[in-house]
Amino acid sequence: MFHPVIERHLSMLLGNQPRLSLALMPLLSWCLPGYRPGYYRARVLSVHPDGATSYSLWLKPAANWPGFVPGQSIELGFDNKGRWLSRRFSISSSLQQWQREGQIRLTIKINPQGQLSRQLPKLIAEGALRWLSISPAAGDFQWHSPASSSLMLAAGSGITPLASMLLSQRCWTAPVTLLYYVRQQAEAALLAELQQLASAQPLFRLQLVETASAGRQPFAEVLPDAADSQQLLTCGPYAFTEAALAFGAACGLKPADCQREFFHLPPLVETAGDQQWQVRWQMAEQQVVSDVNASQSLLDQAEQAGLQPSFGCRMGVCYQCVCQKESGVVLNLRTGQRSTAGAEQIQLCVSVPQSALSIRLGVSDASF
């Protein structure tokens, strides 16, 4: 038997948590730095500059981390003075590096307004961060047909998943052209490795476009022979990938032959007269009714209603915010498709309402 006071506090602690791991999280995090329920621990190996505005972070994930497919991304997070900071990054290293040495690399562009990207190198250098938390790899942006002639278009940090694909390729049987747009060459992350690959592999052609001096040259001017390509992969800002897909269509490529990944959601839907609808949120035993419109994602509007649904990347990649729509119509911002009016699963972070809704939410660890 515990002392009555200890027993009372323990009962309150366990009674307020849905899982024992959450109740014991402070103790587990102290014993196992980087521990967080639903994540894997990853030891920090090194961090060093990669281009004038980026740095590369090498990690050694725990042995039970399930691995990745080139092109996928992970959520990286850590606790900073009681505040959980996290963001999603594409893996930029090769699959062979993971298979041989159990190491992965994230190449991170420094965002002047971003807390995580700015603070991470400093905290590592000070010895305050030796372990980080990472999620399983996710995403369907993958190079499915490397045996076909390929055109890759990247802008800025959009180079990271494409670099992972290229550095992982071992059997080259078809030509590949990478068009890499950066403001200036000094800011081009991963450039040395890509140049080395281009020197060693005759089937790989690298073309760098510096927009500060040359402007944003149209794809057709830079790639007059692009019509010979059989597939297109593009990654970068939303507007850049939209232009890349239009270029692929002009070259005769079918939508099925084009893949893209973008790091920011497309512009939100404009609704005439700011039309509003009611949504009935069901979360565990809690039921909330609120007004919503198409100017914000359903995830943002759920949080504004005082709810804390599960989420991860907030841009439609990790699928942690998937929930059950019982009724109503939503628009998926990533695909541009409208749902049916019946019951189905939706992603809150990339869905905006198009009618009244009834939604059953998942529960986030952060809400306890």
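The values are calculated or read from the model by the stated rules, or taken from the named source; none is laboratory data. What you see is a predicted model, and the numbers here were worked out from it, not measured in a lab. Reconstructed Cβ throughout: ideal geometry from the backbone, glycine too, with neighbour counts over all protein chains shown. To get the accessible areas, we keep the full protein, side chains included, count just its heavy atoms, and leave off ligands, DNA and RNA. Shrake-Rupley method; radii C 1.70, N 1.55, O 1.52, S 1.80 Å.
Some points to look at:
- Residues within segment 91-116 that are within 13 Å of L57 (Cβ to Cβ) and surrounded by fewer than 19 Cβ atoms within 10 Å (Cβ to Cβ), tallied: 3
- When each of L245, L233 is tested for being among the aliphatic types (A, V, I, L, M), buried (at least 20 other Cβ atoms within 10 Å of the Cβ) and within 28 Å of M165 (Cβ to Cβ), the lone residue that passes is L233.
- When segment 117-132 is filtered for residues that are open to solvent by less than 40 Å² (accessible area, probe 1.4 Å), among the aliphatic types (A, V, I, L, M) and over 18 Å from the mean Cα position of the chain (by Cα), the ones remaining, listed by number, are L123, I124, L129.
- Residue in segment 55-78 that is closer than 19 Å to F311 by Cα, of a type in the set (S, T, Y) and open to solvent by 40 Å² or more (accessible area, probe 1.4 Å) present: no
- Checking L203 against (1) without any contact (Cβ under 8 Å) to a residue 40 or more places away in the chain; (2) over 25 Å from P218 (Cα atoms), the condition it does not meet: (2)
- Checking each residue in segment 197-231 for being touching a helix residue (DSSP H, G or I) at 6+ places or on another chain (Cβ under 8 Å) and β-branched (V, I, T) picks out only V209.
- Residue within segment 270-287 that is modelled with pLDDT under 90 and under 22 Å from the mean Cα position of the chain (by Cα) present: no
- In segment 178-192, the residues that are closer than 21 Å to V47 by Cβ reach residues that are surrounded by 19 or more Cβ atoms within 10 Å (Cβ to Cβ) and of a type in the set (K, R) with C-beta atoms within less than 9 angstrom, at least six apart or across chains, in these pairs: E187/K109; A189/K109.
- Pairing each residue of segment 258-279 that is more than 30 Å from Q231 (Cα to Cα) with any residue that is open to solvent by 80 Å² or more (accessible area, probe 1.4 Å) and modelled with pLDDT of 70 or more, provided the two are 6+ apart or on different chains, yields C-beta distances under 8 Å for Q276/D291; W277/D291; Q278/D291; V279/D291.
- Selection of segment 279-289 for residues being open to solvent by 10 Å² or more (accessible area, probe 1.4 Å) and touching a strand residue (DSSP E or B) at 6+ places or on another chain (Cβ under 6 Å) yields R280, Q282, V288, V289.
- Qualifying residue in segment 217-235 (condition: in contact (Cβ under 8 Å) with a residue 60 or more places away in the chain and among the β-branched types (V, I, T)): yes
- Highlighted here are the helices (runs of 4 or more DSSP H) found entirely within segment 199-281 that include at least 3 residues which are under 24 Å from Q347 (Cβ atoms): 238-250.
- First in segment 111-140 and aliphatic (A, V, I, L, M), second anywhere and open to solvent by 20 Å² or more (accessible area, probe 1.4 Å) and assigned to a helix (DSSP H, G or I), Cβ under 7 Å, 6 or more apart: L129/L123
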